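Asker: There's a structure below that I have some questions on.
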Amino acid sequence: MTAALSPPLDLDALLHDEATRIVVCCGAGGVGKTTVAAALGLRAAEAGRRVVVLTIDPARRLAQSLGLSELDNTPRPVVGFDPAAGGSLDAMMLDMKRTFDEVVEAHATPEKAQQILANPFYQAVSSSFAGTQEYMAMEKLGQLRSRAAREGTWDLIVVDTPPSRSALDFLDAPKRLGSFLDGRFIRLLMAPAKAGGRAYLKVFSGGVTLATNVMSKILGGQVLQDVQTFVAALDTMFGGFRERADATYALLKDPETAFVVVAAPERDALREASYFVARLDEEGMPLAGVVVNRVQRLAAPTLSGSRALAAAEQLAERQSDPRPSTAASETTGLTEGLLRLHVSLAQAADRHEALARRFGAGHPGIPMVEVPAAASDIHDVEGLRSVGDALAVRSPARR
């Protein structure tokens, strides 16, 4: 092997460092990001940290791997890990609508909160409006961090973000929210409620009235009224939304936060990883390093793919002998099949090595660690522990 192209990613040092309060795992879909986040949380808990793992991915893989029947918006204790060092492990999954409801209930009067929660437009926005999930992810992270600081509940939060490039959309949440709240459409909707009654006719010009009539025809009179009522009720909370989003954004840039980019040794996944690395650098976010997950390793590394192929071809020639089948020939066929499987795995291992080397060469100085592909799906705490062991190996991507 050639000299290392990337420095080693020492995740154990990161997890043991009490100055690290938040670890954000991001990456493309299907690279095992949720598994890596859970494994990091488990390893930190067994090292004595008080950990909560927050997944924003709606898939149920995290609950299954942690031995929980379900996850919801409330942190649930995980059992089955070794608490000998005094650590603890909780897990939860972001419920976008419930988080939005909690924000409304916490920052509006009971009367206003009831009015907002019952509004049909709010019910649609809180469940499916573009960008709501990312903003609520920031809200939930901020809530967890505030609770941890106030009550000492946790000293480490591990965040598993949504797949693909949307994983970093929450970085844009404050800017998007500001644009939304300051937009002409929202101001137009707010003005009738603020003016009220007859004053409405004095405030609005004929052109604005015409625009409102057009919106009423497009949206429907009742829908437009629901939107205006919702915006008017939420008006007093807008400043608080922006302030909390900005505070969480600043928290993500704080040295107590560490981003871990998870990738698989495939071209598309590594291309996405490059995007994440560049974006985090652009935003000034603290990048800990890159995890290249599910890297193929050979059980018999001394047997090259070419030698295995040559041996398989020789056995195939013997099998072509027209003599009747015997137990020996069946054994020969089985051996040939195993050799060809080894050839396939060797080719995959070579491809993974080349791709990882290329990525390392394109991102010199970015710490990396590789996790070997597991023989089966990770579905329990023991499997997560094995992934954590692989993550803790202090070796660069290539030696």
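The values are calculated or read from the model by the stated rules, or taken from the named source; none is laboratory data. Note that the structure is predicted; figures quoted are calculated from it, not measured. Glycine gets a Cβ as well: all are built from the backbone with ideal geometry, and neighbour counts include every protein chain shown.
Asker: Within the group GLY48, GLY86, GLY41, which residue is assigned by TED's automatic domain parsing to the domain that holds VAL277, at pLDDT 90 or above and at positive phi?
Answerer: It is GLY48.
Asker: How do the helices (runs of 4 or more DSSP H) wholly within the stretch 116-198 filter down when requiring 3 or more residues that are modelled with pLDDT of 80 or more and under 30 Å from ARG43 (Cα atoms): which remain?
Answerer: Result: 132-151.
Asker: Might you check whether a residue that is under 22 Å from the mean Cα position of the chain (by Cα) and either touching a residue at least 60 places away in the same chain (Cβ under 8 Å) or not assigned by TED's automatic domain parsing to the domain that holds HIS16 (or both) occurs anywhere in the stretch 106-117?
Answerer: Quick first cut of the stretch 106-117, residues under 22 Å from the mean Cα position of the chain (by Cα) only: none.
Within the stretch 106-117, none of the residues are under 22 Å from the mean Cα position of the chain (by Cα) and either touching a residue at least 60 places away in the same chain (Cβ under 8 Å) or not assigned by TED's automatic domain parsing to the domain that holds HIS16 (or both).
Asker: Applying the selection to the stretch 343-392, what residues are surrounded by 16 or more Cβ atoms within 10 Å (Cβ to Cβ) and part of a loop (DSSP other than H, G, I, E, B)?
Answerer: Residues satisfying the conditions are HIS363, ILE366, PRO367, ALA373, ILE378, ALA392.
Asker: Let me ask something else about it. Is it true that some residue in the stretch 315-331 is at pLDDT below 70, more than 30 Å from LEU11 (Cβ to Cβ), assigned to a helix (DSSP H, G or I) and hydroxyl-bearing (Ser, Thr, Tyr)?
Answerer: Taking every residue of the stretch 315-331 in turn, at least one turns out to be at pLDDT below 70, more than 30 Å from LEU11 (Cβ to Cβ), assigned to a helix (DSSP H, G or I) and hydroxyl-bearing (Ser, Thr, Tyr).
Asker: Write out, first by first residue and then by second, each pair whose Cβ atoms fall under 8 Å of each other, whose residues are 6+ apart or on separate chains, and whose first residue, in the stretch 270-282, is in a helix (DSSP H, G or I) while the second is surrounded by fewer than 20 Cβ atoms within 10 Å (Cβ to Cβ) and among the polar types (S, T, N, Q).
Answerer: As it stands, the answer is GLU272/SER164, since those pairs meet every condition given.
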